[in-house]
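Remarks on the structure that follows.
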Amino acid sequence: MRAAVMQGIRQPLSCTSVPDPKPAEGELVVKVARCGICGSDLHIAEDPAFGKGAGYILGHEFAGEVAAVGRGTQGVAVGDLVSVIPLQSCGHCPACVAGEVAWCGQFGLQGGGYAEYAVTRPNQCIKLPQALSLADGAIIEPLAVALHGIHMSGLKFGEKVLILGAGPIGLAVAFWARRANSWCSLTIPWVAPSGQFPARLTSSTSAWAFLASSSRLSSRCATAARSCCWGCAPGPTHSTVLRCCRRKFA
Ligand SMILES: [Zn+2]
Ligand SMILES: [Zn+2]
């Protein structure tokens, strides 16, 4: 099969041919249809602390069709369309049965999505209903991360919320918060050269957008970013964004 394979830390991935994966007992092989590029993939590719290197295949936000099942694999069949939960777990220890897979002795992060085929386990597969596409299936994981954040925050229907950062997870949090009928504001730590992005962002997420500079920005960008889309000047820190937010929502 073809796969985008890590060549080493901070090296470009290489699209190359690797052996087709074979499902061991209790495993299955998914023909990958769509796979997201997660921020974690970027961190894994640039930081040896994650323990991955040459030969590893990244990609854990994926969906596809079950192409093969190993001996004793139950719950999924060849041809099923599935979204893969990237938290590797055995599926039958007490922690897994309780839904606390982080405490499973076999816990780890699933990879392999940047390839034509990937091995996983049936307890990590959610069958897609007909109404959802494989592209929808690939975005379930980041949407679940954002929804978990909403639950952890204790946000109640109709409350006001400030979301720090408008990366994919921040935008997904805005998606859920708007469904809770919340007033959202997002901070954007960067600026499109056209200056148009905040307007598009606000219309696509129904969230208000602040521009807040971060330490990563160049000073030119930071100067341009010290404003908010309401015409206030919240300045470079989150506390000033909060003050501006309070004024707007008061
Ligand atoms: Zn991820
Ligand atoms: Zn387990």
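Some observations on this one:
- What the phi angles of region 14-24 give under the Karplus curve with 6.51, -1.76 and 1.60, with θ = phi - 60°, is a coupling list of 10, 7, 8, 9, 10, x, 4, x, 10, x, 7 Hz, glycine and proline written as x.
- Label point 7 Å beyond Cα of Trp103 along Cβ direction - residues of region 117-131 with amide nitrogen under 19 Å: none
- Qualifying lysines (Cα of each under 27 Å from Cα of Lys127; at least 8 residues distant if same chain): Lys22, Lys31
- Other residues within the sphere of radius under 13 Å centred on the Cβ of Phe62, judged by their own Cβ, net out at -4 (K and R +1, D and E -1).
- Taking 7 Å steps out from each Cα toward its Cβ at Ala77 and Ile9 produces label points 4.7 nm apart.
- Peptides 174-184, 2-12, 118-128, 90-100 ranked from most to least packed by the mean count of surrounding Cβ atoms within 10 Å: 118-128, 174-184, 2-12, 90-100.
- Here the Karplus relation 6.51 cos²θ - 1.76 cosθ + 1.60, evaluated at θ = phi - 60°, turns the backbone of region 48-58 into coupling constants of x, 4, 7, x, 10, x, 3, x, 6, 10, 6 Hz, with x for every Gly and Pro.
- Around the amide H of Ala33, modelled in the peptide plane, lie the amide H atoms of Ala63, Gly64, Glu65, all under 5 Å away and 5 or more residues distant in sequence or on another chain.
- Database remark: amide H of Ile163 closer than 5 angstrom to the amide H of Ser185, Leu186, Thr187 (H placed geometrically; neighbours at sequence offset of 5 or more, or on other chains; Pro and chain starts carry no H).
- Karplus 3J(HN,Hα) series, Hz, for region 87-98 with 6.51 cos²θ - 1.76 cosθ + 1.60 (x for Gly, Pro): 8, 5, 7, 6, x, 9, 6, x, 5, 5, 4, 7
- Gyration tensor (alpha-carbon) shape descriptor, region 1-113, a/c threshold 1.5: oblate
- Loop-located chymotrypsin sites (Phe, Trp or Tyr not before Pro) in region 94-164 (DSSP state other than H, G, I, E, B) with a sparse environment of at most 16 neighbouring Cβ atoms within 10 Å: Phe107, Phe157.
- Label-to-label distance, nm, for residues given as Leu164 and Ser203 (7 Å Cα→Cβ offset): 3.1
Every number in this text was worked out from the coordinates using simple rules, so none of it is lab data. Owing to the predicted nature of the structure, the values given are computational and were not obtained by experimental measurement. All Cβ positions, even for glycine, are placed from backbone atoms using ideal geometry, and neighbour counts span all protein chains on display.
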